[in-house]
Amino acid sequence: MGDKLFLSSPHMSDEGYEKEYVNEAFDTNWIAPLGKNVNEFEKELAEKVGSKHAAALSSGTAAIHLALKAIGVGEGDVVFCPTLTFSATVNPIIYQNATPVFIDSDEETWNMSSKALEKAFEKHPSVKAVIVVHLYGLSANMDSIMEICRRYDVKVIEDAAESLGGYYKGKHTGTFGDYGVFSFNGNKIITTSGGGMLVSDNEERISKTRFWATQSRDQARHYEHSELGYNYRMSNVSAGIGRGQLKVLEERVARKKYIFDYYKRELGSLEGVSFMPDNDWDEPNYWLSSMTLSGKVRPIEVMEGLEKENIEARPIWKPMHLQPYFEKYDFVGTGVAATLFENGVCLPSDTKMSDEDLARVVKTIKELW
């Protein structure tokens, strides 16, 4: 049995960019939240994706939470959210005592279905906000989704936690809606060990989220609080790691694409195997290479076969409307997301994997056929 092959693990730059910024934080004793790295990481990330303003936060979940708060989502409000996502997309809706309504996927993008979204608006016309997710780095159909949301005059939050470095029609994902959210969790395409970023062209709202994220401390000599606050700011050390990681983002995207192309070339001809959609208007970051199976070999067999060889693989996200905690909420769709879950497998997509590692994965899978 060979060394453990991970789904997606942290990958520091060979050049040691991260250490330079972290060492600077130590040398200047700015290791706590706020400092030069935080300020510069916000500027550099915003510039990278083409947004005007950014707030560095403790997680992508915190960024979604504060985006909902910035929109004014509160008790009893309805928020549309894709069902095929991780729970971190949905949990902040509950934090705000609002009500999620889950929207099905389409087969063309694996993301929010425009047809299901249209039906959801007809069913829940008083919706307060829409959260769109770019799953596994694949872009949702933003032209169609934004047209519907603008027609209903509803604010849009893009959960681009998995798609940093990806483009929709030449524009960075996370910059179409009113707010964009990125994650730097340990398994993301670049990492700060943990952290997130909220971006928007609305300077006043981003400034407000920074205020909320630092315990809503009013300007006063003593500790004065006139609003509810949160401990959501990113540390200066984490931001230093992020600044270094941002320098190798394009390299990581290129490697993720190489991995996807390798799998598709080597496994795409197997009976019943289909890979995640690759649309000509989409430039994904290929965060996790994922496939669906419709033949005799089932996803559990692939995952167990890889596990025996010390190789990590995972199912595609289980839809939120099928989760025990969320099943009481409304779902609009025809079951596409559930079918993807039942038939999907996420393959190891770690950018540190060599060609020999990839060949080992492919060999193990082919033997199942």
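The values are calculated or read from the model by the stated rules, or taken from the named source; none is laboratory data. Model, not experiment: these values are computed from the prediction. For neighbour counting, all protein chains shown are included, and Cβ atoms are generated from backbone atoms with ideal geometry for every residue, glycine included.
Tell me, please, whether a residue that is assigned by TED's automatic domain parsing to the domain that holds V156, within 20 Å of A161 (Cβ to Cβ) and either without any contact (Cβ under 8 Å) to a residue 24 or more places away in the chain or basic (K, R) (or both) can be found in the range 97-119.
Within the range 97-119, none of the residues are assigned by TED's automatic domain parsing to the domain that holds V156, within 20 Å of A161 (Cβ to Cβ) and either without any contact (Cβ under 8 Å) to a residue 24 or more places away in the chain or basic (K, R) (or both).
Would you be able to say whether some residue in the range 138-155 is over 20 Å from L66 (Cβ atoms), within 10 Å of the chain's Cα centre (by Cα) and among the small types (G, A, S)?
Within the range 138-155, none of the residues are over 20 Å from L66 (Cβ atoms), within 10 Å of the chain's Cα centre (by Cα) and among the small types (G, A, S).
Name the single residue that is surrounded by the most Cβ atoms within 10 Å (Cβ to Cβ) among those in the range 255-308 being in a strand (DSSP E or B) and of a type in the set (S, T, Y).
Looking at the filtered set, the residue picked out is S290.
Is it the case that some residue within the range 206-222 is in a loop (DSSP other than H, G, I, E, B), hydrophobic (A, V, I, L, M, F, W, C) and either at pLDDT 95 or above or buried (at least 24 other Cβ atoms within 10 Å of the Cβ) (or both)?
Within the range 206-222, not a single residue is in a loop (DSSP other than H, G, I, E, B), hydrophobic (A, V, I, L, M, F, W, C) and either at pLDDT 95 or above or buried (at least 24 other Cβ atoms within 10 Å of the Cβ) (or both).
Take the range 355-369 and flag every residue that is basic (K, R), over 10 Å from I311 (Cα atoms) and in contact (Cβ under 8 Å) with a residue 12 or more places away in the chain.
Listed by number, the list holds a single entry, K366.
Looking at L7, is it touching a Pro at 6+ places or on another chain (Cβ under 6 Å), part of a helix (DSSP H, G or I) and of a type outside the set (D, E)?
So L7 fails the test.
Please determine, by comparing only the residues of the range 1-23 that are acidic (D, E) and modelled with pLDDT of 95 or more, which one is farthest from Y286 (Cα to Cα).
Step by step, filter the range 1-23, then rank; the result is E20.
Would the range 331-347 turn up any residue that is of a type in the set (D, E), over 30 Å from T99 (Cβ atoms) and in a helix (DSSP H, G or I)?
no
Report, by residue number, each residue of the range 19-49 that is part of a helix (DSSP H, G or I), farther than 20 Å from F211 by Cβ and of a type in the set (V, I, T).
If the condition is that a residue be part of a helix (DSSP H, G or I), farther than 20 Å from F211 by Cβ and of a type in the set (V, I, T), then V22, V49 are the ones that fit.
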